[in-house]
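**Student:** What follows is a single structure, and I will ask about it in a moment.
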Amino acid sequence: MKISDIRIEYALKSLDIKDVENEPLKQFKNWFDEAVNAKVLEVNAMNLATIQNDNTPNSRIVLLKGIEDGLVFYTNYNSTKGEELKNNPNVAVTFFWAELERQVRFLGKVKKVSQKESDKYFFSRPFSSQVGAWVSPQSQTIPDREVLSKKEKMLQEKFTPETISRPPHWGGYRIIIHEAEFWQGRPSRLHDRILYQLDNNGNWSISRIAP
């Protein structure tokens, strides 16, 4: 089969502007709950796009870990994404839930969550993941996997679940959004698209845009 011949006709649901919430995070929570109930695979996986020093985009999949006053995720602050976010806080995020024929896009800026919030999430993770945050010099070149294995073993012997601490270079970001688009697949590629935009007074405008 040719790649150009691959297509799916979307007809599962519809999206009307009169049915959406007045704020995008409320609407997103509704859709997220539906996706969880539909057992969407990796439901909290999101594509995070950042800006490199040469103003070109860079992207990767990260996991959403909260929807409190924005979209929260956690990472190594010294990683490539961390360095890019330090230099330019503007980001774009995309969720795609194929099982529901839905996509959600966000534009916004990041700010670090509080140390207390980072601690709370870090200590909710399995001990192996806590150790992993100490082990990996994320995004740096390493000679082989053996480096990671040896360091992991050493730190597993050094730490216990009671004595381990959160690495100072590891924590969370909150994406404060100013634009959001909810996309529902429809027949004939005439998809439903509802756009939220934040004005200078902090009010959300809602409009339908063409597919």
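Just so it is clear, none of the values below were taken in a lab; they were calculated from the coordinates. Note that the structure is a prediction, hence the values are computed from the model and not measured. Using ideal geometry, Cβ is built from the backbone for each residue, glycine included, and neighbour counts are taken over all protein chains shown.
**Student:** Using 7 Å Cα-to-Cβ label points, what is the Asp199/Ala45 separation (nm, one decimal)?
**Tutor:** Label-label distance for Asp199 and Ala45, simple model: 3.9 nm.
**Student:** Moving to a separate point now. For segment 1-79, what does the equivalent ellipsoid look like in terms of its semi-axes, each the square root of 5 times an eigenvalue of the Cα gyration tensor, given largest first in whole Å?
**Tutor:** They are 26, 23, 14 Å, listed from largest to smallest.
**Student:** Can you work out the Karplus-derived ³J(HN,Hα) for every residue in segment 194-207? Use 6.51 cos²θ - 1.76 cosθ + 1.60 with θ = phi - 60°, whole Hz, and x for glycine or proline.
**Tutor:** Here the 3J(HN,Hα) series is 10, 10, 10, 9, 8, 8, 5, 9, x, 9, 8, 9, 10, 9 Hz.
**Student:** A follow-up question, please. Per residue of segment 121-130, in order, report the coupling 6.51 cos²θ - 1.76 cosθ + 1.60 (Karplus, θ = phi - 60°) as ³J(HN,Hα) in whole Hz, putting x for Gly and Pro.
**Tutor:** Karplus values, whole Hz, x for Gly and Pro: 6, 4, 7, 8, 7, x, 4, 4, 6, 4.
**Student:** What does the charge count near Pro143 come to, summing +1 for each Lys or Arg and -1 for each Asp or Glu among other residues with Cβ under 13 Å from its Cβ?
**Tutor:** +1
**Student:** Ok, one more. What is the helix-to-structure angle for 146-158, meaning the angle in degrees between its Cα long axis and the longest Cα principal axis of the chain, kept from 0 to 90 and rounded to the nearest 10?
**Tutor:** So the helix axis and the longest Cα principal axis differ by about 70 degrees.
**Student:** Another question about this same structure. What pairs in Lys81/Lys158; Lys29/Lys116; Lys26/Lys65; Lys65/Lys116; Lys81/Lys150 have C-alpha atoms more than 20 Å from each other?
**Tutor:** Lys81/Lys158; Lys29/Lys116; Lys81/Lys150
**Student:** Sticking with this structure for a sec: Given charges of +1 on the Cβ of Lys and Arg and -1 on the Cβ of Asp and Glu, with all other atoms neutral, how large is the dipole of segment 68-128 about its Cα centre, in debye to the nearest 20?
**Tutor:** 200
**Student:** How do 149-158, 78-87 rank on mean C-beta neighbours within 10 Å, highest first?
**Tutor:** 78-87, 149-158
**Student:** Where does the charge balance sit around Pro211 when Lys and Arg score +1, Asp and Glu -1, over other residues with C-beta under 15 Å from its C-beta?
**Tutor:** Here the charged neighbours net out to +3.
**Student:** Here is a further query. Which ³J(HN,Hα) values, rounded to whole Hz and listed in residue order, are derived for segment 164-170 from phi using the Karplus coefficients 6.51, -1.76 and 1.60 in 6.51 cos²θ - 1.76 cosθ + 1.60 with θ = phi - 60°, glycine and proline given as x?
**Tutor:** 5, 10, 6, x, x, 8, 10
**Student:** For every helix of n ≥ 4 consecutive DSSP H residues, a contribution of -39,500 (n - 2.57) applies; sum these over the chain, divide by its total residues, and give [θ] at 222 nm rounded to the nearest 500 deg cm²/dmol.
**Tutor:** Result for the chain: -7500 deg cm²/dmol, rounded to the nearest 500.
**Student:** Counting only other residues whose beta carbon sits under 14 Å from that of Asp54, what net charge do I get with K and R as +1, D and E as -1?
**Tutor:** The answer is -2.
**Student:** For the chain, just the Cα atoms, rotate onto the principal axes and tell me the three extents in Å, largest first.
**Tutor:** Cα extents, longest axis first: 58, 52, 40 Å.
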